1. Using a Gaussian network model of chain B whose springs link C-alpha atoms within less than 10 Å, name the residue from B:TRP24, B:TRP42, B:TRP141 with the highest mean-square fluctuation.
2. Below 18 Å, Cα to Cα, which lysines can B:LYS43 reach? Residues fewer than 8 away in the same chain don't count.
3. Under a crude label model (7 Å from the Cα following the beta-carbon direction), how far is A:THR118 from A:VAL72 in nanometres?
4. Tell me which of B:PRO96, B:ASN71, B:GLN147 sits at the most positive position along the dipole axis of the stretch B:58-147, charges placed on C-beta atoms (Lys, Arg +1; Asp, Glu -1).
5. Quick one: grab the alpha carbon gyration tensor of the protein assembly as shown, order the square roots of its eigenvalues as a ≥ b ≥ c, and give me rounded if a/c is under 1.5, else prolate or oblate depending on whether a/b is larger than b/c.
6. Can you give me the long-range amide H partners of B:GLY54? Hydrogens built in the peptide plane at 1.01 Å from N, cutoff under 5 Å, separation of 5 or more residues or another chain.
7. Would you mind telling me which residue in B:PRO19, B:PRO96, B:PRO30 has the biggest mean-square fluctuation in a Gaussian network model of chain B, where springs connect alpha carbons within a distance under 10 angstrom?
8. Quick check on the stretch B:1-127: take the gyration tensor over C-alpha atoms, sort the square-rooted eigenvalues as a ≥ b ≥ c, and tell me if it's rounded (a/c under 1.5), prolate or oblate.
Protein chains: 2
Amino acid sequence: MQPDVSALDLVFTRIVPVPRAHIWRAWTEPDQVVKWFTPAPWKTIACEIDLRPGGRFSTVMLSPDGQEFPNVGCYLEIIDQQKLVWTDALLPGYRPSPKPFVTAFLTLSDCDGGTCYTARALHKDEVECRKHAEMGFQTGWGKALDQLVELVQTF
Amino acid sequence: MQPDVSALDLVFTRIVPVPRAHIWRAWTEPDQVVKWFTPAPWKTIACEIDLRPGGRFSTVMLSPDGQEFPNVGCYLEIIDQQKLVWTDALLPGYRPSPKPFVTAFLTLSDCDGGTCYTARALHKDEVECRKHAEMGFQTGWGKALDQLVELVQTF
């Protein structure tokens with residue numbers, strides 16, 4: 001299932017000089033996710049992954065001033081080393097969420113120079129989309145990806 | 001993925017003297033859905049089905065006084081003749097919905113006397129669950145199933 005791209009979506013894309021298998025590992029092992037997921041000086045202090053449709057994907061982020069921000073959602077589609085789709089509009093087990101905000105598609109494909117890494121964020125309306133853009137979607141995904149690329153050098 | 005059953009859920013279950021294959025057909029072909037889906041004197045006047053994860057499941061119901069009530073959501077899991085999971089918390093293509101309310105699990109299994117037919121409705125909180133119960137969940141699913149059983153006699 002491909003998302004419709006529209007004024008309701010944000011897209012981040014970059015070619016990175018690392019193999020798909022390593023990126024996949026960084027995204028799907030909780031012990032790795034906590035090392036790169038949140039742009040410093042923010043931290044990710046917890047992560048749980050149940051890698052199947054309806055399974056849990058949750059993180060807890062820690063702000064520089066010590067506030068914790070939990071996020072919980074579930075996976076929707078998983079194609080090994082190619083595609084990961086998850087949402088916070090549904091809790092694990094597909095229960096409707098009290099705080100729906102975004103569905104995210106991560107797609108990975110081989111290309112000259114390494115891996116083409118694309119993230120799409122789908123929102124319910126333009127207000128939510130703009131809010132996400134103003135929260136720093138592009139900068140945040142870019143800094144986090146820098147951290148991911150640095151991490152996978154150690155794999 | 002099995003749902004957690006809790007105070008946030010409603011469950012309807014009945015054994016019906018018809019084969020699973022016929023029930024599945026009544027649920028997954030739009031031309032059949034419109035014949036049984038809404039307890040009379042309400043009608044279902046439109047149905048669209050794209051039977052894959054993320055694919056559209058939408059209906060339009062018509063009240064006895066002529067008001068139209070559209071519902072749109074997407075499928076999450078499909079196991080032929082056994083399990084159908086869909087939600088209105090996500091639109092087709094998994095976009096977060098402006099009007100999230102329910103995720104539904106339909107499960108069918110063989111048993112003495114025909115098919116064990118079970119529907120579970122998952123809500124985000126007890127208020128939503130109670131609202132759904134008061135809207136007539138049990139009566140509505142029962143009357144609709146009577147109509148389905150009558151319909152599949154013609155298959």
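The values are calculated or read from the model by the stated rules, or taken from the named source; none is laboratory data. Note that the structure is a prediction, hence the values are computed from the model and not measured. When we count neighbours, we look across all protein chains shown, and the Cβ atoms used for this are built from the backbone with ideal geometry, even at glycine. SASA here: full protein model, heavy atoms, side chains in, ligands and nucleic acids out. Shrake-Rupley method; radii C 1.70, N 1.55, O 1.52, S 1.80 Å.
1. B:TRP42
2. Excluding near neighbours in sequence, the set is B:LYS35, B:LYS143.
3. About 3.3 nm, to one decimal.
4. B:PRO96
5. In terms of gyration-tensor shape, prolate.
6. Those lying under 5 Å, H to H, from B:GLY54 are B:TYR75, B:LEU76.
7. Result: B:PRO96 has the largest fluctuation of those listed.
8. rounded
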